[in-house]
2 protein chains.
Amino acid sequence: MSSVTVIGAGNVGSAVAALAAKAGAQVQVLARDLAKAQALAERVGGTAGVVGDDPAGDFVVLAVPYPALAELAATYGARFDGRILVDVTNPVDFATFDGLTVPADSSAAAELQAAVPGATVLKAFNTNFAGTVATGVTGDVPATVLVAGDADAAARLVELIQAGGLAAAVVGPLKRARELEAFGFLQMVLAAQNVIGWSGGFALRK
Amino acid sequence: MSSVTVIGAGNVGSAVAALAAKAGAQVQVLARDLAKAQALAERVGGTAGVVGDDPAGDFVVLAVPYPALAELAATYGARFDGRILVDVTNPVDFATFDGLTVPADSSAAAELQAAVPGATVLKAFNTNFAGTVATGVTGDVPATVLVAGDADAAARLVELIQAGGLAAAVVGPLKRARELEAFGFLQMVLAAQNVIGWSGGFALRK
C-alpha cells in the first residue's frame, strides 16, 4: 500500500489528501498550523504533524504556493532523499498576472529537483483546479490529472490517482513540467477573466 | 461581412476555410499547388490562387507548417500590412519531439509579428487538431478555439468562428501565444503517445 504525506492543508492539500485516502493510502498531513493539519487528518483518517516533522510517506505532496517550495527544500534537504516529491505549483507572477516567475526555459519543478537532487520530483495536479480534484469533474466531464517526471514514479502516482477514482495521464519526463506550468497558468488566466469558473478548465478527451 | 484568405490547402486550411464559409465569409484559398487550392475553393464556394497572389481577405490565415511562416513573411512583406494574420502553427522540434524550436521566452506568433510589423498577428487554432475544427467536437464535447492577440482583432476572429458554429475564447494579448504553443505541443505529445486520438484533445469546460 502507498503512503502519502501531504504538506499543506489548504484547498489543494485537502483535495489530494482525500484522494489518497480514497485510494487506500496511509495519509499524513503536515501544516504550519497543527490544528489545521489535525482537522484535515481527521477528515481523511490520517495522522497529523507540523512542517519540519519527518515525512512518513513514500509520496510527499508539496501542496503549498510556489514561493514555499524553496523553504521546504531548505527545511528538509536530504530528509527528502528517496521520496517521490509531487510539485503542484503554478509559479505565476501575481504582481502582473502576465507570466511565470521561473526562467522561460525552466519550471518550478525543475528548480525543486535541482534543490533536492536525492528526491524524485514529479509535476502533477497543477493543471487541475482544487475543486476539480475534490469532485473528480472538470465542468461537466471527468477530470484528468496530468503527470510529468520519472517514468516509474509517474506510473506509481497515476496508479494511486486512479485508485482514488480520478483519471490520470503521464505526459512525459520532468522537462514537460514547463508545458504543464504554461497550461496551468493559461487555465488560471481564463478563470480570472471569468471565461470559465474555478470548477471548470481544460478536460482531456480521447 | 468578413473576407478570409486561407494560405495552405492541407487539413488545417481545409477546416478553417470550411468554417469561414459556414460563417458567411468570402473565402479565398491560396496554395503552392493551384489545383489543390481550386479543389478546396470549390468545396467551400470560394476563389483560388497560388501563394504569392495578393491576399483578398481582411483575415489571412497562414495554414502552413511553422517553417513556412518565415517564407510567407518574406514573400508578402508589406503586402500583409493592415491585415489580420492568423498563425496556427506549433513550432515543434520534430527531430527530438522534446520541445519547441522557438526561443523559450518567445513564440512563433511573436516572431511572425516582428517580421511583419504592419500586420496584426493573432494566434489561433494551434490548440485544436484539424479534425476537431472540422467536426466542431473534441472527443465527445464541443471544441473551443483559443485566440491570443490584439483585443479588437481577436474579438473579430471570435465572432467569425462563432458564426461558423464553433466556440471560441480570447485568452489575452499575443504574449499568451507562448502558452498556447506549449499547450499545443503538449496535446501533440499526448496524441503521439496514443493517450488521446487526433480527434480528441483538451476541451474547455466552464
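In the assembly of identical copies, B:Ala95 has its label point, taken 7 Å from Cα in the direction of the beta carbon, separated from the corresponding points by 3.8 nm (ascending, one decimal). For segment A:39-148, give the percent of accessible area contributed by carbon and sulfur heavy atoms, probe 1.4 Å, rounded to a whole number. Of the solvent-accessible surface of segment A:39-148, carbon and sulfur hold 55 percent. Kirkwood analysis of the Cα pair distances in the protein assembly as shown returns a hydrodynamic radius of 22.1 Å. Residue ranking by accessible heavy-atom surface, 1.4 Å probe, largest first, among A:Thr144, B:Thr135 comes out as B:Thr135, A:Thr144. Taking amide H atoms as placed 1.01 Å from N in the peptide plane, the amide H of B:Thr127 lies under 5 Å from those of B:Leu146, each 5 or more residues away in sequence or on another chain. Ascending distances from the A:Ala155 label point to its copies in the other chains, with the point 7 Å along the Cα-to-beta-carbon line: 5.2 nm.
In segment B:122-148, burial by the other protein chains removes 30 Å² or more of accessible area from B:Asp140, compared with the chain on its own (1.4 Å probe, ligands and nucleic acids ignored). Close amide H contacts of A:Asn90 (hydrogens built in the peptide plane, cut-off under 5 Å, sequence separation of 5 or more or a different chain): A:Tyr66.
Rounded to the nearest 20, the size of the Cβ-charge dipole of chain A about its Cα centre is 420 debye, with Lys and Arg at +1 and Asp and Glu at -1. When segment A:3-192 is described by a simple charge dipole with +1 on each Lys and Arg Cβ and -1 on each Asp and Glu Cβ, the residue from A:Thr89, A:Leu34, A:Thr47 located farthest towards its positive end is A:Thr47.
Amide H to amide H, with H built 1.01 Å from N, A:Leu122 comes under 5 Å of A:Leu85, A:Val86, A:Asp87, counting only residues 5 or more places away or on other chains.
In chain B, which longest range has no chymotrypsin sites (Phe, Trp or Tyr not before Pro) that are both DSSP loop (not H, G, I, E or B) and surrounded by at most 15 other Cβ atoms within 10 Å? Write out the running numbers ahead of the final one.
Numbers: sites that count: B:Phe94, B:Phe97, B:Trp198.
Excluding the exposed sites themselves, the longest stretch runs over B:98-197.
Which value at 222 nm does chain B reach when only helices count, each DSSP H run of 4 or more adding -39,500 (n - 2.57), with the total divided by all residues and rounded to the nearest 500 deg cm²/dmol?
Numbers: 7 runs with 76 residues, N = 206.
Calculated mean residue ellipticity at 222 nm is -11000 deg cm²/dmol.
Counting only lysines at least 8 places from B:Lys123 when in the same chain, those with an alpha carbon closer than 26 Å to its own are A:Lys175, A:Lys206, B:Lys22, B:Lys36, B:Lys175, B:Lys206. May I ask for log10 I(q)/I(0) of chain A at q = 0.13, 0.16, 0.17 Å⁻¹, from a Debye sum over the Cα atoms as equal point scatterers with solvent left out? So the normalised log intensities work out to -0.64, -1.01, -1.16.
Find out how many positive minus negative residues lie around B:Thr135, taking Lys and Arg as positive, Asp and Glu as negative, among other residues whose Cβ is under 15 Å from that of B:Thr135.
Details: positive: A:Arg205, A:Lys206, B:Lys22; negative: B:Asp140.
So the environment of B:Thr135 carries a net charge of +2.
Nearest 100 Å² is fine: what is the total accessible surface buried where chains B and A meet, probe 1.4 Å? When B and A are taken together, about 3000 Å² of accessible area is lost. Per residue, the protein assembly as shown exposes 38 Å² of accessible surface when a 1.4 Å probe is rolled over the protein heavy atoms with every protein chain present. Cα extents for segment B:60-138 along the principal axes, largest to smallest and rounded to whole angstrom: 35, 30, 20.
Dividing the mean sequence gap of close Cα pairs (under 8 Å, 6+ apart) by how many residues segment B:3-192 holds gives a relative contact order of 20 percent.
The values are calculated or read from the model by the stated rules, or taken from the named source; none is laboratory data. As the structure is a computational prediction, the values presented were derived from the model and not from experiment. Glycine also receives a Cβ, built like all others from the backbone with ideal geometry; neighbour counts cover every protein chain displayed. These area figures cover heavy atoms from the full protein model, side chains too; ligands, DNA and RNA do not enter into them. Shrake-Rupley method; radii C 1.70, N 1.55, O 1.52, S 1.80 Å.
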